[in-house]
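What follows is a short report on a single structure.
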Amino acid sequence: MNGDDYLNILHNHIDTSQVPFSERGSRLLVFRYSNLSRLYIKLAERLTQLEPNIEAYLNRAPFIQDLCLIDAESHELEFTVTSSPHCLQIHTRLGDFELVFQDEQTIAFSLPAGKICGFRFHVFPQYWRITEQGGKFMSVRNLIYNTTGEVVRNQINPVEGGYEVEFIVSAEPDCTTTIGIYHADRVVSPLCKFSDLRQAAKKRWLSWFDQIPDVNRKYVRTYAYAWWVMANNLISPQGNVIYEAMTPSKLGYVGLWLWDNAMHALAYRYVDAELARNQIRSILAHQLPNGMLPDVIYDEGIVSTIDHPISGEVTKPPILAWAALKLHETDPNIDFLREIYVPLVRLNAWWVSMNDDDGDGLVQYNHPYSSGLDDSPLWDEGMPVESPELNTYLCIQIMSLAKIAEIIQMDAEAAMWKRRATAIVTRMITHFWDADAGLFWVLKDHQPVRVVTPFNLYPLWTGQLPEEINNRLISHLKDPEMFWGPYVLPTVARNDPHYDPDTMWRGPVWANINYFFIEALKINGENTLAKELRDRTLEMILSQKDIYEYYGAETGIPPAKAVNMFGWTSAVFIDLAIQASREED
């Protein structure tokens, strides 16, 4: 298949009332109101200089609101929308308007040729708030609108907190009208013919889709959408984001998350190895002096501490070395492995030196969010917690460091890493393993937290367990009363009293966790079971039009709070679909 085929597959697939029309690199998100013939534009930026709360952006109002198309008499035009990755066609009684991205900061409209028409919108370029001792006004972004047509009416009137703009144009053929949202120091884009802008936008998307490997027909619709997500969620360098990198979702996760970036690289390695490597570089660029990596990086800052539900340092599980080896499989680059080796060694040193209060050689979580499993019942008894899942990640990371050391010809260090990995497995068996339950328990104050989750089975991934332990873990995994039910794998066992199939990490299915278990099963020679888990994961994602953060464990339907257009689910789908297609061929 080629780029045109994928554009055709995605014709009218994107519902702009739920998913933003955006562009690779852009922080502008164009939406259609679900119950009105109007558009609005949000900014995929945290803007913490306006409001220091790092999550305030989730509830911030759109920068442009109530953008309606109007006729010569200023009457609002009702419309319907036909979407493509590169263009929105907006159908009205006057004819078709079109909308494309001219560049990352500018959207461009075409107006029906020979008509007098335009748009009206509300814009809020300033942030203002009354404080206890006064108030504050701050600039958000600059806005510039312009046209190649003849201006008939151009009015700007103040409204509470902003302005109402009414702009009507006599539209000649190939007329362009633009709205640009800029930083103060950015250069304003020149006006161009709309046909040139449309063609350029289409060419950008064709170039993206032309790179992707073919997969079997049954995967194609979701596969095309997943690749659209992988481009659409990219943001360009700005502030602390120093490489082009992918947000988990421009809707609900603005910034770069440590372990998300590792998962995103799994997909990018098939189309652009340097883009894949930059997902890792963008995180390592902000390594702290003590070796820790921050949880999140965003334009205006980083998140390395957080004050809820407790106050403490926050990071994410160590999987960057594992991801780097995945990239090396498809595009070997020894220089890149040399580049990242020392930072990853420093990260490992931080984990073992700063997160082992009792000195038993097993690391602990000091904040629930460092696990990525934010609301898991495993943390209900508080922190710190020693977890077999975290120590498995560390073991996988150390084994990956051993392989990297071998590749860059540091044989003595490779041997040292292998010894350390074996030692972690031995310690996990000694400290976490319960032969009666057949589980590796999480420990709080050296006492088991008796909540059953797939994370109690994680040491399977090391490939170094005794056969009898492996067999117990796999039997639990296949047990329909625990994990092998209608949708797999729930993040809490179905027969555990804490099981909630629709609440984030307390039961729903997450594709990234399935991915780790697919690999774990293959490592242990359970290829048939690995294939079944892979196929059921693909089928679950295929069953929905959009791609979600997580899925209900009983229905496969994404719960209401699951974010759509989600990054690592798209990346996992792509990687598994490619694997399955190559195996089936």
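Laid out as a table, the results:
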{"item": "Only one of L465, L477 that is part of a loop (DSSP other than H, G, I, E, B), farther than 23 Å from D380 by Cβ and aliphatic (A, V, I, L, M)", "result": "L465"}
{"item": "In the range 246-279, residue surrounded by the fewest Cβ atoms within 10 Å (Cβ to Cβ) [restricted to those that are among the small types (G, A, S) and within 10 Å of the chain's Cα centre (by Cα)]", "result": "G252"}
{"item": "Given (1) more than 30 Å from A402 (Cβ to Cβ); (2) in contact with a helix residue (DSSP H, G or I) (Cβ under 9 Å, 6 or more places away or on another chain), number of the condition N495 does not satisfy", "result": "(2)"}
{"item": "Residues that are free of Cβ contacts under 8 Å to residues at least 60 places away in the same chain and under 16 Å from P248 (Cα atoms), drawn from the range 543-568", "result": "Y548, Y550, K561, A562"}
{"item": "L29 vs. criteria in the same structural domain as I64 (by TED's automatic domain parsing), in a loop (DSSP other than H, G, I, E, B), buried (at least 17 other Cβ atoms within 10 Å of the Cβ) and out of contact with any Gly (no Cβ under 9 Å at 6 or more places or on another chain)", "result": "no"}
{"item": "Search result, residues across the range 368-415 that are in contact (Cβ under 8 Å) with a residue 60 or more places away in the chain, of a type in the set (A, V, I, L, M, F, W, C) and under 19 Å from H446 (Cα atoms)", "result": "L378, M383, V385, L390"}
{"item": "Residues of the range 1-16 classified as touching a strand residue (DSSP E or B) at 6+ places or on another chain (Cβ under 9 Å) and surrounded by 14 or more Cβ atoms within 10 Å (Cβ to Cβ), total", "result": "5"}
{"item": "Test: residue in the range 334-348 that is of a type in the set (K, R), modelled with pLDDT of 95 or more and surrounded by fewer than 17 Cβ atoms within 10 Å (Cβ to Cβ)", "result": "yes"}
{"item": "Qualifying residue in the range 527-543 (condition: modelled with pLDDT of 95 or more, part of a loop (DSSP other than H, G, I, E, B) and buried (at least 21 other Cβ atoms within 10 Å of the Cβ))", "result": "no"}
{"item": "Qualifying residue in the range 395-405 (condition: in a loop (DSSP other than H, G, I, E, B), among the small types (G, A, S) and surrounded by fewer than 23 Cβ atoms within 10 Å (Cβ to Cβ))", "result": "no"}
{"item": "Members of the range 84-135 that are in a loop (DSSP other than H, G, I, E, B) and without any contact (Cβ under 8 Å) to a residue 60 or more places away in the chain", "result": "R93, L94, P112, G114, K115, E132, Q133"}
{"item": "Residue ID - nearest to Y223 (Cα to Cα), chosen from residues in the range 171-212 that are among the polar types (S, T, N, Q) and either surrounded by 17 or more Cβ atoms within 10 Å (Cβ to Cβ) or within 29 Å of the chain's Cα centre (by Cα) (or both)", "result": "Q211"}
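The values are calculated or read from the model by the stated rules, or taken from the named source; none is laboratory data. These numbers were taken from a predicted model, which means no experiment stands behind them. In this analysis, Cβ positions are derived from the backbone assuming ideal geometry, glycine residues included, and neighbour counts consider all displayed protein chains.
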